[in-house]
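In what follows, a structure is listed as structure tokens, so that the remarks can point back to it.
The values are calculated or read from the model by the stated rules, or taken from the named source; none is laboratory data. Only a predicted model underlies this, so the values are computations on that prediction, with no experimental measurement involved. Here the Cβ is made from the backbone with ideal geometry for all residues, glycine too, and neighbour counts use every protein chain on show.
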């Protein structure tokens with residue numbers, strides 16, 4: 001039996017995040033200002049071209065997981081091999097060096113600019129509509145953030161884990177992830193995340209915190225030329 005996380009974007013867009021979906025025949029994508037992620041029902045790989053009306057010409061988008069045979073007018077820009085990790089151990093509260101705040105609408109542009117600086121290409125100005133986003137400020141400046149992205153039944157992804165390069169090495173990422181995990185667990189939600197296989201430092205942190213690799217999964221960056 002397939003696991004919901006084998007096709008996370010599809011199960012989010014046809015489940016808890018259907019409100020943010022644009023749909024084709026056995027295909028869907030997040031609304032254009034929300035996320036550049038598209039998806040298809042793995043039972044119908046031949047329907048992939050029904051995504052065409054939902055795509056923007058020459059603007060990159062992502063498919064997650066199995067890549068079907070794609071139309072000739074699509075191009076694979078790159079494959080991003082990731083680990084999909086789930087929290088499987090108890091997570092302990094941390095003593096906070098800096099206050100963590102739930103970011104509000106007035107801080108969305110600052111959040112967007114920080115993520116754009118550290119992790120370009122995966123985040124839109126409307127992405128914070130998908131869940132809670134938290135931040136740490138120093139000297140009035142937003143220097144570290146993390147939040148919630150894809151949600152499937154009973155599980156929510158932690159994403160946009162970003163620290164301004166001038167403020168790394170202070171444990172902010174671990175503090176933010178811990179805060180989000182404890183909040184999700186309190187709501188009966190299982191935390192999961194995706195991390196590039198090459199990001200060994202982050203993988204080690206997540207393992208230390210109690211995350212276990214469930215599977216390898218690729219994010220495919222593509223574009224459509226018409």
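Is there a residue in region 5-13 that is farther than 21 Å from residue 192 by Cβ, touching a residue at least 24 places away in the same chain (Cβ under 8 Å) and part of a loop (DSSP other than H, G, I, E, B)?
no
Every residue, every condition in (1) within 17 Å of the chain's Cα centre (by Cα); (2) outside any loop (DSSP other than H, G, I, E, B); (3) closer than 30 Å to residue 73 by Cβ, yes or no:
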position: 192; (1), (2), (3): yes, yes, no
position: 204; (1), (2), (3): no, yes, no
position: 215; (1), (2), (3): yes, yes, no
position: 220; (1), (2), (3): yes, yes, yes
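Can you find a residue in region 180-203 that is within 24 Å of residue 141 (Cα to Cα), without any contact (Cβ under 8 Å) to a residue 40 or more places away in the chain and surrounded by 13 or more Cβ atoms within 10 Å (Cβ to Cβ)?
Scanning region 180-203, I find no residue that is within 24 Å of residue 141 (Cα to Cα), without any contact (Cβ under 8 Å) to a residue 40 or more places away in the chain and surrounded by 13 or more Cβ atoms within 10 Å (Cβ to Cβ), so the answer is no.
Just checking: which of the strands (runs of 3 or more DSSP E) contained wholly in region 39-155 hold 1 or more residues that are loosely packed, with under 12 Cβ neighbours inside 10 Å and either outside the structural domain of residue 205 (by TED's automatic domain parsing) or touching a helix residue (DSSP H, G or I) at 6+ places or on another chain (Cβ under 8 Å) (or both)?
So the answer is 74-87.
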